[in-house]
Each structure stands twice: as structure tokens, then as C-alpha cells.
Amino acid sequence: MKIICIGRNYAEHAKEMKSELPKEPVFFMKPDTALFKDEDFYLPDFTHDLHHEIELVVKINKVGKHIDEQFAHKYYDEIGLGIDFTARDIQTICKQKGLPWEKAKSFDNSAPIGKFISKDTLKISDINFELRVNGNSKQLGNSKNLIFSFDQIISFVSKFVTLKTGDLIYTGTPEGVGPVGIGDKLEGFLNGERFLKLNIK
């Protein structure tokens with residue numbers, strides 16, 4: 001199982017990060033050790049600026065390579081919510097030095113995941129999702145604002161990397177990313193229903 005993350009897939013988030021809009025999907029990988037399914041998340045000691053990034057997550061249901069976009073919808077059947085935790089201070093240093101960002105993005109437990117729901121119960125082009133921190137809304141997103149749709153992402157990534165059953169694709173975060181600290185309570189909602197909960201320790 002691997003975790004594939006899409007960067008800069010919402011225009012307003014790209015703007016807040018002072019990044020150009022991509023002309024094709026931008027992706028990076030997290031190892032399976034990044035996946036985190038518990039509620040109590042312990043703040044890593046190597047960062048002083050850990051940021052939340054709430055994302056819709058697509059679960060791949062069969063093996064595929066060089067998938068044509070028109071058939072991409074057949075390669076996933078569940079959608080969930082996850083958080084792409086980013087050590088922003090480390091990422092900034094890596095950017096300045098022109099180095100890869102893995103240690104800022106791919107560390108253990110950096111990909112909390114919540115529950116999943118059948119895509120057949122959703123209108124794929126209009127999925128609302130939200131992250132609340134201590135009860136306050138911090139990130140609001142909707143799949144209609146994706147720069148690259150789920151099908152476009154699956155088709156593009158599969159040109160380079162074979163997709164396998166159980167792989168997770170984190171499809172990008174909307175604007176509003178920000179820091180978390182000890183004592184914070186994070187809740188992720190999909191169409192108004194809570195799918196994810198984290199207590200920062």
C-alpha cells in the first residue's frame with residue numbers, strides 16, 4: 001500500500017502558498033508508515049510549525065497502469081477524509097536549499113485517515129468537506145473546486161506509477177492551512193458528517 005498526495009490542487013491554496021497554478025497534477029509519495037488511524041496524535045519533536053491540510057481521499061480498488069481518464073472511475077469505489085500533516089518549518093528550509101521535502105511531508109504518522117464511504121452515495125462533483133480546530137472552522141472545501149478531478153488524477157498518476165488495490169490518493173487541500181499545537185482537537189467533516197477526529201498531544 002502506498003500513499004500518493006496531490007499538491008496545489010485548489011487555486012486558493014496555491015495562492016496562499018504563493019505558488020503558480022500547475023498545468024498538470026503535482027504528486028509526491030508518503031510511505032505506509034505515514035498512515036495514522038488513531039485519535040491521539042503526538043506532536044513530533046523535530047518541528048515547531050506543524051500544519052494541518054485536510055483532504056478528500058480516494059481509495060484504489062484494483063490494479064491499474066496507463067489508465068484512460070474515461071475509465072478511471074472504475075478504479076475507486078470509496079472516498080474518505082485525511083490530513084496531510086506538513087512540517088512547514090522544515091519544508092521552508094528544504095525549499096530554500098532546493099532539496100526534496102520528504103522529511104517535511106513523509107514522516108511517521110503524517111497521514112491521519114478517517115472513515116470511508118461508498119462513492120455511490122455521493123455526488124462526486126459536489127462533495128463538501130471541512131476541518132474544525134477546537135470547534136472553529138479552519139478549512140472549507142468542495143470537490144467542484146478541484147483543479148484536477150479524481151479521474152484526471154488517477155489517469156495521470158498511473159502513467160508513472162502502477163496503482164494497486166488499497167492505495168490511497170490524497171487529492172489536495174483547500175485554503176486555510178495552519179499550525180496545530182498540543183491540546184488542539186481536530187475534526188474532519190464530509191457533507192456535514194464527522195469522518196475524522198484527532199487529539200494533539
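The values are calculated or read from the model by the stated rules, or taken from the named source; none is laboratory data. Just so it is clear, the structure is predicted and the values come from calculations on it, not from any experiment. Counting neighbours? That spans all protein chains shown, and the Cβs are built from the backbone with ideal geometry, glycine included.
Values for this structure:
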{"read-out": "Cβ pairs under 9 Å, 6+ apart, first in the stretch 43-63 and in contact (Cβ under 8 Å) with a residue 12 or more places away in the chain and in a loop (DSSP other than H, G, I, E, B), second surrounded by fewer than 19 Cβ atoms within 10 Å (Cβ to Cβ) and hydroxyl-bearing (Ser, Thr, Tyr)", "value": "Asp49/Thr92; Asn61/Thr165; Lys62/Thr165; Val63/Thr162; Val63/Thr165"}
{"read-out": "Hits in the stretch 179-194 - residues which are assigned to a strand (DSSP E or B) and exposed (fewer than 14 other Cβ atoms within 10 Å of the Cβ)", "value": "Glu193"}
{"read-out": "Members of the stretch 100-136 that are among the polar types (S, T, N, Q), touching a helix residue (DSSP H, G or I) at 6+ places or on another chain (Cβ under 7 Å) and without any contact (Cβ under 8 Å) to a residue 60 or more places away in the chain", "value": "Ser125"}
{"read-out": "Filter result for Lys62 (basic (Lys, Arg) and either within 19 Å of Met1 (Cα to Cα) or over 17 Å from the mean Cα position of the chain (by Cα) (or both))", "value": "yes"}
{"read-out": "Criterion (aliphatic (A, V, I, L, M) and over 16 Å from Ile3 (Cβ atoms)) met by exactly one of Ile154, Ile200", "value": "Ile200"}
{"read-out": "Which listed residue, of His52, His73, is modelled with pLDDT of 95 or more, farther than 19 Å from Asp32 by Cβ and within 12 Å of the chain's Cα centre (by Cα)", "value": "His52"}
{"read-out": "Yes/no for Gly172 being assigned to a loop (DSSP other than H, G, I, E, B) and under 28 Å from Phe41 (Cα atoms)", "value": "yes"}
{"read-out": "Hits in the stretch 23-42 - residues which are surrounded by fewer than 16 Cβ atoms within 10 Å (Cβ to Cβ) and either in a strand (DSSP E or B) or not hydroxyl-bearing (Ser, Thr, Tyr) (or both)", "value": "Lys23, Glu24, Met29, Pro31, Asp32, Lys37, Asp38, Glu39, Asp40"}
{"read-out": "Residue list for the stretch 157-169, filter: β-branched (Val, Ile, Thr) and either in a helix (DSSP H, G or I) or more than 16 Å from Val57 (Cβ to Cβ) (or both)", "value": "Val157, Val161, Thr162"}
{"read-out": "Residue within the stretch 2-15 that is surrounded by fewer than 20 Cβ atoms within 10 Å (Cβ to Cβ), charged (D, E, K, R), modelled with pLDDT of 95 or more and not in a strand (DSSP E or B) present", "value": "yes"}
{"read-out": "Hey, Asp68 within 20 Å of Arg194 (Cα to Cα), surrounded by fewer than 18 Cβ atoms within 10 Å (Cβ to Cβ) and in contact (Cβ under 8 Å) with a residue 12 or more places away in the chain or not", "value": "no"}
{"read-out": "Output for the stretch 137-176, where each listed residue is in contact with a Leu (Cβ under 9 Å, 6 or more places away or on another chain), hydrophobic (A, V, I, L, M, F, W, C) and either more than 18 Å from Gly114 (Cα to Cα) or in contact (Cβ under 8 Å) with a residue 60 or more places away in the chain (or both)", "value": "Leu146, Ile147, Phe150, Ile153, Ile154, Val157, Leu168, Ile169"}
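Here's the yes/no breakdown for (1) in a strand (DSSP E or B); (2) surrounded by fewer than 20 Cβ atoms within 10 Å (Cβ to Cβ); (3) modelled with pLDDT of 95 or more:
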site: Phe107; (1), (2), (3): no, no, yes
site: Lys115; (1), (2), (3): yes, yes, yes
site: Asp120; (1), (2), (3): no, yes, yes
site: Ser125; (1), (2), (3): no, yes, yes
site: Phe129; (1), (2), (3): yes, no, yes
site: Ser137; (1), (2), (3): yes, yes, yes
site: Leu140; (1), (2), (3): yes, yes, yes
site: Lys144; (1), (2), (3): no, yes, yes
site: Ser155; (1), (2), (3): no, no, yes
